[in-house]
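Shown next, in structure tokens, is the structure this report addresses.
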Amino acid sequence: MNNILNNVTVVITTFLSGENLEKCLQNIPKYFQKLIIDNANEKNKKDYFEKKFENLTYYLSSENLGVPRSYSLANKLVKTKYMFNTQPDVIIKKNCIENLMKKLSIYKNAIILSPTIFHNGNYHVDGDFKILKIRNSKFYNVKNFFFNSVHKEPPHGDFSVEAVTGTAMLIDRDKLMTINDWDKNIFNYFEDMDLCLRSRLKGYEIIKIRDAEVDHDAFSSHTREFENELDFSRNWHYSWSRVYFKKKHESYINAIYWGFWQCIKSTTKYFIYFLINKKKSTIHYAKLSGYLNAILNRQSSFRPKIKI
């Protein structure tokens, strides 16, 4: 078992994560190799974390790479066969990674093994896995679960799915390269759906592992000090990535048509809220800008302007 555990690197991508990164690392056994990709280039944290935690490499990025480019960089830096990718706002439960690694010999066609994901102690189906509709080797829709129930009891046993969220996933790096790695055109959002879709179309399996668990505190991976700037960035990139994903995997014309109507909706809401709620107005402006840039085939170039 020890030989298997030596063959995985835990990768965490961060941007102004505050105290969350340290809390996350405290729940990862010291014998695992760990790689931190710091997109805020916080130089003072490198020495601190490398001295406090064993087997940890802290990489300072000179630019804000975003999620998929950070993982793609990590894929070049790590030496192990497997990567366990996660986020600073995730608490990894006891034996989570170990139990994932044990299942590798069972699910040999799997490219991704994903733990069962809880959100602040509660289980939400939609926060754990997705349904991708694939017909004749083409994708034509993402199906969400149309209910708001909180299910405290997750499914029993392991099961195969079409897609999982990027909250935490164990990835076979050899198989990852056969689908051309992460899509580096994306900055954030839908990179996990894109990865899973290309994996399934290639014939690989994605397995949810029941006896491996993490707890996710959503939208808390950044310090609250820069909440407004990062909230603008989240809405901009979610909108951009949504149109980009549709253009890449669905009909290009339908994606442009859908994005056009989203622009109209966002513009309307921007003016409605302009005088009564500036925060909501700003959010809809961010969405409008993201949709418009994607429609015009511009890159996901927006970055939050934050002075550290």
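Structural remarks
- Spatially proximal aspartates and glutamates relative to Lys94 (Cα-Cα < 12 Å; intrachain offsets below 8 disregarded): Asp211, Glu213, Asp215
- Footprinting exposure proxy ranking of Met83, Met177, fewest other C-beta atoms within 10 angstrom first, gives Met177, Met83.
- Positive end of the dipole of the chain (Cβ unit charges, origin at the Cα centre): among Leu197, Leu296, Ala286, the Cα lying farthest that way belongs to Leu296.
- Table column - 3J(HN,Hα) (Hz), the stretch 291-305, Karplus curve with 6.51, -1.76, 1.60, x for Gly and Pro: 4, 5, 5, 5, 4, 7, 6, 8, 5, 7, 8, 5, 9, x, 8
- Selection from Asn6, Phe232, Ile171 lying farthest towards where the dipole of the chain points positive, charges on Cβ: Phe232
- Anisotropy class of the stretch 224-295 from Cα gyration tensor, a/c 1.5 cut: oblate
- If you look at the Cα atoms of the chain, you get an Rg and a Dmax of 19.4, 62 Å.
- Computed over the chain, relative contact order equals 19 percent, with contacts defined as Cα pairs under 8 Å that lie 6+ residues apart.
- Debye intensity ratio in log₁₀ form over the Cα atoms of the stretch 1-75, taken at each q of 0.16, 0.23 Å⁻¹: -0.55, -1.08
- Contact order, relative form, for the stretch 224-295: 45 percent (alpha carbon pairs under 8 Å, 6 or more residues apart, mean separation divided by residue count).
- Note on the chain: dipole from Cβ charges, positive end direction compared against Phe260, Ile276, Val90; the farthest Cα belongs to Phe260.
- Exposure proxy shown here: for Ser239, Ser289, the number of other Cβ atoms within 10 Å sets the order, fewest to most, as Ser289, Ser239.
Throughout, read-outs are computed from the coordinates displayed, never taken from laboratory work. What you see is a predicted model; the values in this text were computed from it and never measured. Quick reminder, even Gly has a Cβ in these numbers, built from the backbone with ideal geometry, and neighbours come from all protein chains shown.
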